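The values are calculated or read from the model by the stated rules, or taken from the named source; none is laboratory data. Computed from a prediction, not measured in an experiment: that's the story for all the values here. Positions of Cβ are generated from backbone atoms using ideal geometry, with glycine treated the same way; all protein chains shown enter the neighbour counts.
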């Protein structure tokens, strides 16, 4: 079928073009050829954009250190939307990343007013159990509650010195009646993202944050904060007179002692000014020199009390539709499937879900269906079918009118029943972790 797009990527690119063009988000599809075994979210354009993911791929290829981090607000049941983030964390962990999963209880308490005890119970019994059941390796990863993590809160306090209320208001629309706790929870989330780069976890490294596209303002702010916390600014510049590139290193918050230490350690040809160095006459490949110099600068920053942060990378996934059409909402139970609901209830929701079918069976055969508008097809593509060939066949049969909505729903309902049942069995096997948090297994 000419022009077939079983992943709906062309429509997504069109819908999100302004985000790509105006905010500097890059299409993820451009990176696929560098990934040996991409996750189905990557293959199918569900992860459709990124910021700075090249650094993560570089680390994977070199088998050097990198991390993955994302968080979950424990305000309700874990559903398929949250599962997407868990899947992405787990995939990156399997690719060699140091994995961090945050239970954002401070955000839940300050923004939603959820009592601390309920934040705790929901975080453990809904989110942590499902994360482990899906494959998170707790021996190699880090799961934590914001309110328990003093290291995190100390970092948040430091980050707060470079962010002001006016900036937060512009980004998040805060008005005068927003509580101080709500604002603090935002800086704690910035710290969540940068925490994997602390010395306790191996120091500065590339970190990727898998999120929905609505979280991009938060990612941009954290990238800005990471840059502001640096002692030095390292930039590639161009000498117009000599027609040569060079590397400019300018002190931002560095002491005289840190600057002098950097001058001593840079064994490149250089010109030294007042708190400013130009590295010149670079013979080796420019990118390699830039990376080496960045590493030297980071080393000096760490020695003199700085952080040397990499700017965090991010991947952006598109949202699933609600099963009833429109947006998935935690306030509308019929619009989503929770990983902890009875399997038969989950299957029943699939059978009642909105499809992209025609009004009559005759029209369906004559005109074909609209899988790109179908919530059932989306369930199959996002969660229930791993083999690309299989999902493409379903798409083509639907478009050609050879597949009825009834048969598709029946197939998807069976797969959903099996997935939820198996997942809940895995949750039972993971219940020993409950004892660590003070609950009976």
Confirm whether residue 55 is surrounded by 23 or more Cβ atoms within 10 Å (Cβ to Cβ), touching a residue at least 40 places away in the same chain (Cβ under 8 Å) and in the same structural domain as residue 213 (by TED's automatic domain parsing).
no
Just name the residue that is nearest to the chain's Cα centre (by Cα) out of those in region 279-289 that are buried (at least 17 other Cβ atoms within 10 Å of the Cβ) and not in a loop (DSSP other than H, G, I, E, B).
289
Go through region 114-226 and tell me which helices (runs of 4 or more DSSP H), entirely inside it, have 3 or more residues that are touching a strand residue (DSSP E or B) at 6+ places or on another chain (Cβ under 9 Å) and crowded, with 19+ Cβ neighbours inside 10 Å.
116-122, 180-194
Taking residue 30 as the residue in question, decide whether it is part of a loop (DSSP other than H, G, I, E, B) and farther than 22 Å from residue 189 by Cα.
no
Within region 235-273, take every residue that is part of a loop (DSSP other than H, G, I, E, B) and touching a strand residue (DSSP E or B) at 6+ places or on another chain (Cβ under 9 Å) and give me the one that is surrounded by the most Cβ atoms within 10 Å (Cβ to Cβ).
254
Of the numbered conditions (1) farther than 30 Å from residue 395 by Cα; (2) assigned to a helix (DSSP H, G or I); (3) at pLDDT 95 or above, residue 345 fails exactly one; give the number of that condition.
(1)
Exactly one of 214, 148, 192, 177 is in contact with a helix residue (DSSP H, G or I) (Cβ under 8 Å, 6 or more places away or on another chain) and more than 30 Å from residue 275 (Cα to Cα), and that residue is 192
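Take residue 366 and tell me if it is outside the structural domain of residue 47 (by TED's automatic domain parsing), in a helix (DSSP H, G or I) and in contact (Cβ under 8 Å) with a residue 60 or more places away in the chain. It would help to see each step written out before you state the result.
Details: outside the structural domain of residue 47 (by TED's automatic domain parsing): yes; in a helix (DSSP H, G or I): yes; in contact (Cβ under 8 Å) with a residue 60 or more places away in the chain: no.
Here the answer is no, as residue 366 does not meet what is asked.
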